[in-house]
Amino acid sequence: MSHPHEHGHTHPHSHEHDDHAHSHGAHEHPHSHDHTHGDEPLRPALDLGVPDSELPPAELGRRNFLRAAGVLGAGVAATSFVGAGGLATAAATEASDAGSRRGHRAKSWLAGDHHIHTQFSSDGLYRVADHVQHANAYGLDWMVITDHGSAQHVKIGVEQVNPEIVAARGDFPDMLVFQGLEWNIPAAEHGTVFVHPGSGEVSVLKAFEAGYDGVVKSATASNAANEQLALQGLTFLQSAVGSRQVKDALMLANHPARKGIDSPHEIRAWRDAAPGIAIGMEGAPGHQAAGLPTPLGPGSGRGYYDNAPSSDSFAAYPPESYRTFGGFDWMTATVGGLWDSLLSEGKPWWITANSDSHSIYLDTAVRGPGDDFAANGKHADPINGPVPVTSNGDYWPGYYSRTHVGVGRRSYAAVMEGLRQGSVWVDHGRLVDELDVTVRSGGDGASLGGALVVRRGSRARVSIRIKPAHLPNWAQFIPQLKKVDAIVGSVTGPAADKDTFAAPQTRVVKSWDVTGAVGRDGWIELSLDLGPIGDQGVYVRLRGSDGKRLAAGVKGASVDPAGPAIDEIGKANPWDDLWFYTNPIWVLPRR
């Protein structure tokens, strides 16, 4: 692994930035991932600047193969690999709605939440309008309604919730409201599935749920047949987009380590079966208030991560995988763990954060009279109850967790494309107002979710700009960013064992104490030299913390000296343990 040779610095920065609504997208930043430099050209099939019509047949065939594999036009191309020999070919390309994103600049960050339940879920409570109104008030720009897949939902809920979503789009024109569902993934956990609005959104979601939901199809057990059904569901969505039944569709795995039933080989198989559809997982689950101690809180684990292995669990997962770390899922929080094992393969697999909002901590709402979910496919409209409910484990969308998506325009298509491209960072408790990360070599650069292709031996530098919180969050204090970590790993190629969840060459290479490091313009600026890029290539991702709860990482202090501490059951105040995480950027050698 190429270790950085310089460890960054902090200094004031003098550029001015415009303020946008909700304090989301002030800063423009480079988002071009398709760059090379030096005198070695890209192979024509990999250069999206060359149109299909100008390619010779052999190169056109190669390009179409890569598109089908999901590495052109749907995330980063970082293939193919050979074992010990390193990269056989390595290219980095990224497509927008119109084709190549070369030269594209994301103009804003839109904050959102892709995991929200309404009265159309058996364990839900609120109307669509309740969630949209609160999400709007708490500063979100986009959201996804994801009621549970079930017999009642597929029969009644998918159709009945749609007019309420359509009405909310009209009542809140500044909010992008997607319709989706929480998929009971056959043989696995839950996942968000959602589609671009349009005439086919109800019919496609209904057909998908009827044909491929694990509960509807009695296919929840961990076995090969059910795993295959999950893959068939993803290819159904892929076909629905390809046949233009819907403009777009995405899937993200929810609370992936909560029950230990999302095995590494299943996650890899989802992504490989439909790389433009299955794009990532919750890096941090919802239900963040669930860890508050009784009698003032639910007394569970953050995210309701209070489980133990079952007969369907992946046996190799360790006991600590069933807990969160600083509110983040073990798969994400472990440096050198499962997420890093995917990134080390060069697989685009992104993380998000959301509310999983069902019932709100300290809210007074209760279900209204005449409630009959089995008959109606929805609960009665909520009414005001007598006392605040301390046993609820959720926050309103936008109140605590946010997923920030880099876009060039405010639209449904742009949000979905930004998610697909991994132009995403997440935070808890409004720890950070804005963030900009770019890796540069020479005059070329790539930002979150992208890849920079360079000549072997070229040096690359990471530039990090962070605007810490300057206003109180919804817990009525201004959070203080104290530390920032750079995590770097080598790109080693496909794992021989599809169930591996380790990346031994990944570690924290630099930690900055950013206390008092804010410049006169309100920004922190850091820099990290990645050194000369060797045959393997590297990726870099970032995280930051308020520094209140730190511990050596799961893989030991030599890998992660001061990472998030494991969350204790019934003793986890989420406001006293705030983090942000970014998605990675790859730097790959041109072959």
Residues in the stretch 93-107 that are at pLDDT 50 or above and crowded, with 24+ Cβ neighbours inside 10 Å total 0
For Gly493, the lone unmet condition from (1) part of a loop (DSSP other than H, G, I, E, B); (2) at pLDDT 95 or above; (3) among the small types (Gly, Ala, Ser) is (2)
So which residues in the stretch 355-405 are among the aliphatic types (A, V, I, L, M) and touching a Lys or Arg at 6+ places or on another chain (Cβ under 6 Å)?
Ala380
Could you tell me which of the residues Gly336, Gly326, Gly291 is touching a Phe, Trp or Tyr at 6+ places or on another chain (Cβ under 7 Å), crowded, with 19+ Cβ neighbours inside 10 Å and of a type outside the set (Asp, Glu)?
Gly326
Could we say that Ala475 is part of a loop (DSSP other than H, G, I, E, B), under 25 Å from Tyr399 (Cβ atoms), of a type in the set (Gly, Ala, Ser) and touching a residue at least 60 places away in the same chain (Cβ under 8 Å) here?
yes
Would you mind telling me which numbered condition in (1) within 23 Å of Val559 (Cβ to Cβ); (2) surrounded by fewer than 20 Cβ atoms within 10 Å (Cβ to Cβ); (3) not small (Gly, Ala, Ser) Trp474 fails?
(1)
Has the stretch 182-194 got any residue that is part of a helix (DSSP H, G or I) and either modelled with pLDDT under 95 or acidic (Asp, Glu) (or both)?
no
For the stretch 496-512, what are the residues that are in a loop (DSSP other than H, G, I, E, B), of a type outside the set (Gly, Ala, Ser) and surrounded by fewer than 22 Cβ atoms within 10 Å (Cβ to Cβ)?
Asp497, Lys498, Asp499, Thr500, Pro504, Gln505
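Among strands (runs of 3 or more DSSP E) lying entirely in the stretch 367-468, which contain 1 or more residues that are within 26 Å of Gly112 (Cβ to Cβ), hydrophobic (A, V, I, L, M, F, W, C) and under 21 Å from the mean Cα position of the chain (by Cα)?
Values: elements: 382-384, 401-407, 424-428, 432-441, 444-447, 451-454, 459-468.
Filter on the stretch 367-468 gives 401-407, 424-428, 432-441, 444-447, 451-454, 459-468.
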Of all residues in the stretch 405-437, which are polar (S, T, N, Q) and under 29 Å from Ala475 (Cα atoms)?
Ser423
In the stretch 294-323, what residues are over 21 Å from the mean Cα position of the chain (by Cα), over 25 Å from Thr500 (Cα atoms), surrounded by 17 or more Cβ atoms within 10 Å (Cβ to Cβ) and of a type in the set (Ser, Thr, Tyr)?
Ser300
Being crowded, with 24+ Cβ neighbours inside 10 Å and either touching a residue at least 60 places away in the same chain (Cβ under 8 Å) or touching a His at 6+ places or on another chain (Cβ under 6 Å) (or both) is true for just one of Val426, Val462. Which residue is that?
Val426
Filtered residues of the stretch 566-591 (kept if surrounded by fewer than 24 Cβ atoms within 10 Å (Cβ to Cβ), touching a helix residue (DSSP H, G or I) at 6+ places or on another chain (Cβ under 9 Å) and either assigned to a strand (DSSP E or B) or among the hydroxyl-bearing types (Ser, Thr, Tyr) (or both))
Ile566
Check off (1) touching a strand residue (DSSP E or B) at 6+ places or on another chain (Cβ under 6 Å); (2) outside any loop (DSSP other than H, G, I, E, B) for Val246 and give me the number that stays unchecked.
(2)
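Are any residues in the stretch 544-565 surrounded by 16 or more Cβ atoms within 10 Å (Cβ to Cβ) and either closer than 14 Å to Thr324 by Cβ or touching a Pro at 6+ places or on another chain (Cβ under 8 Å) (or both), and if so, which ones?
Within the stretch 544-565, Ser545, Asp546, Arg549, Leu550, Gly553, Val554, Gly563, Pro564, Ala565 meet the criteria.
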Can you tell which of Gln421, Gln480 is surrounded by 18 or more Cβ atoms within 10 Å (Cβ to Cβ), touching a Leu at 6+ places or on another chain (Cβ under 9 Å) and of a type in the set (S, T, N, Q)?
Gln421
Under 21 Å from the mean Cα position of the chain (by Cα), over 30 Å from Ala151 (Cβ atoms) and crowded, with 20+ Cβ neighbours inside 10 Å: which single residue out of Ser355, Ser344 fits that description?
Ser344
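The values are calculated or read from the model by the stated rules, or taken from the named source; none is laboratory data. Every value quoted in this text rests on a predicted model; they were computed, and no experiment measured them. Neighbour counts run over all protein chains shown; Cβ positions are idealised from the backbone, glycine included.
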